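Below is one structure, written out as structure tokens, with a few remarks after it.
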Amino acid sequence: MEEGSLRCDLNVSIAPVSSNDDTTSSSFDDNNDDEQSNDKYNLPPGNGHRVEVKNLNSLRQIIAATEYEAIRQSSLAIQHNHTGRETRTFDPLGGKTICIRAKGDAIDYRFMPEPDLPPLILDETTLGSKSLEEFLERYMPESAEDATARLLEEYGLGESVAVLIASDPPAIVLFEDAVSVAKAELVQEDNDDDSVDVSALVANFLCNDLYALIKKSAIEEAGDDEDKRATLLNSISVDQSTVASQRLGLLIAMIANGTLTTSMAKKILTIMYKDDLSSSPRDIATRNGWEVISDMDVLVQLCTDVVHDPKNTKQLEQYKQGGKNTWKIEKFFVGKVMAQSNGNAHPEKMKEALASVLEKVVFDQTPSS
């Protein structure tokens, strides 16, 4: 209609006015004797069928065809003639409908029996389920709306993340499998820390990092072909990922148990996606020397070496003098310790160890009373 044109089919049938309507005082039967009062509001047999009027081109034709059919069918019913199951067309010049074909004895006027197709009986044998509802629940894919609601409720994800995962059915499978793998790994290590939100970690790596790698791979594959690039980017799916849920789950477990920092894990994920399609995250981390140093004794020794390094004597003396710029010197030592550890020092624990070392330096220079 927005184009200024209209084409539709009209279905018309008649039914008696309800006996509860007090305004009704007549029936299709002219004989109103008490003996026939029980049939007053019933159509004669063979009437009340839907009649289809094809290819109407305006609202005026719809109104005219409806009025004509209502009168025609009512007149036939009063005369105890069958209306029949028909397909009709509307003659705008004559203002009437014309039968173009009959539907015979079909139960549904739109249905034409096909003798070569046997009846389909949806019973337990055919469905393999006790009911149609059970069959649909088992085999019908979960809708995006239902999946979003379930991810929000069961995993406590943010709405935007849940919507993104739910829009890609393979992503739902990978997400849930990776969460299961990560949790099982943490339980096996006796390191099931409730303070770590494993589901959120998996979702963030999936939506931010893994999708980015898939998108980058599609762009590289397309090269300078703009049409191919558009096609690939419009069909981005976790189904194209080279990282399976097993390896993603193990990677997330290593973050959760403190073995890896987030930045280390991102590097390992890139390697798993592009360069090493089979090694476990732990093997890749070991091979590259990526493992968080969280032992306090080791961190204290590392911080001590950096603080007392002759190259840092100037900064150490400035720190001993105190003043408003001590925080800058602390930041300087943090950077040096992280560089000395190749970025492997646990950030929070390293700062704690550095604070204890610097405190000892200040205490040792304080004269005893």
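The values are calculated or read from the model by the stated rules, or taken from the named source; none is laboratory data. What you see is a predicted model, and the numbers here were worked out from it, not measured in a lab. Backbone-built Cβ (ideal geometry, glycine too); neighbour counts: all protein chains shown. Accessible surface is based on the protein model in full, side chains and every heavy atom, while ligands, DNA and RNA are left aside. Shrake-Rupley method; radii C 1.70, N 1.55, O 1.52, S 1.80 Å.
Condition check for LEU354 on (1) within 28 Å of ALA256 (Cβ to Cβ); (2) open to solvent by 80 Å² or more (accessible area, probe 1.4 Å); (3) part of a helix (DSSP H, G or I): one failure, at (2).
Applying a threshold of 8 Å to beta carbon distances and a minimum spacing of six or more residues, or different chains, the list of pairs starting in region 336-363 at a residue that is on the phi > 0 side of the Ramachandran plot and ending at one that is surrounded by 15 or more Cβ atoms within 10 Å (Cβ to Cβ) and not in a helix (DSSP H, G or I) reads GLY343/THR261. Taking (1) in a helix (DSSP H, G or I); (2) of a type outside the set (S, T, N, Q); (3) touching a helix residue (DSSP H, G or I) at 6+ places or on another chain (Cβ under 8 Å); (4) within 30 Å of SER356 (Cα to Cα) in turn, LEU251 satisfies each apart from (4). At least 3 residues being open to solvent by less than 80 Å² (accessible area, probe 1.4 Å) and at pLDDT 90 or above is the threshold, and among the helices (runs of 4 or more DSSP H) wholly inside region 264-327 those reaching it are 281-288, 296-307. Only residues that are outside any helix (DSSP H, G or I) and either of a type in the set (Val, Ile, Thr) or open to solvent by less than 40 Å² (accessible area, probe 1.4 Å) (or both) were counted across region 179-232, and they come to 2. When the residues of region 44-85 are narrowed to those that are in contact (Cβ under 8 Å) with a residue 60 or more places away in the chain and open to solvent by 30 Å² or more (accessible area, probe 1.4 Å), which ends up nearest to CYS99 (Cα to Cα)? Among those that are in contact (Cβ under 8 Å) with a residue 60 or more places away in the chain and open to solvent by 30 Å² or more (accessible area, probe 1.4 Å), it is HIS49. Across region 164-208, the number of residues qualifying as among the acidic types (Asp, Glu) and at pLDDT 95 or above comes to 2. Taking the conditions exactly as written (open to solvent by 70 Å² or more (accessible area, probe 1.4 Å) and either not charged (D, E, K, R) or not in a helix (DSSP H, G or I) (or both)), does PHE363 satisfy them or not? Answer is yes for this residue. Of the residues THR259, THR242, the single one that is outside any helix (DSSP H, G or I), under 25 Å from the mean Cα position of the chain (by Cα) and over 19 Å from ALA166 (Cα atoms) is THR242. The set of residues from region 124-153 being surrounded by 12 or more Cβ atoms within 10 Å (Cβ to Cβ) and part of a helix (DSSP H, G or I) comprises LEU127, GLU134, PHE135, ALA144, ALA147, THR148, ALA149, ARG150, LEU151, LEU152. Scanning region 267-314 for residues that are under 24 Å from ALA218 (Cβ atoms) and touching a Gly at 6+ places or on another chain (Cβ under 6 Å) yields nothing.
If you go through region 154-169 and keep only what is open to solvent by less than 50 Å² (accessible area, probe 1.4 Å) and farther than 19 Å from VAL198 by Cα, you end up with just ASP168. Pairing residues of region 160-180 that are in contact (Cβ under 8 Å) with a residue 12 or more places away in the chain and on the phi > 0 side of the Ramachandran plot with residues that are in a helix (DSSP H, G or I) and among the small types (Gly, Ala, Ser), at Cβ distances under 8 Å and at least 6 apart in sequence or on separate chains, gives no pairs at all. ASP239 meets each of the listed conditions (1) at pLDDT 90 or above; (2) surrounded by 14 or more Cβ atoms within 10 Å (Cβ to Cβ); (3) in contact with a Pro (Cβ under 8 Å, 6 or more places away or on another chain) apart from (2).
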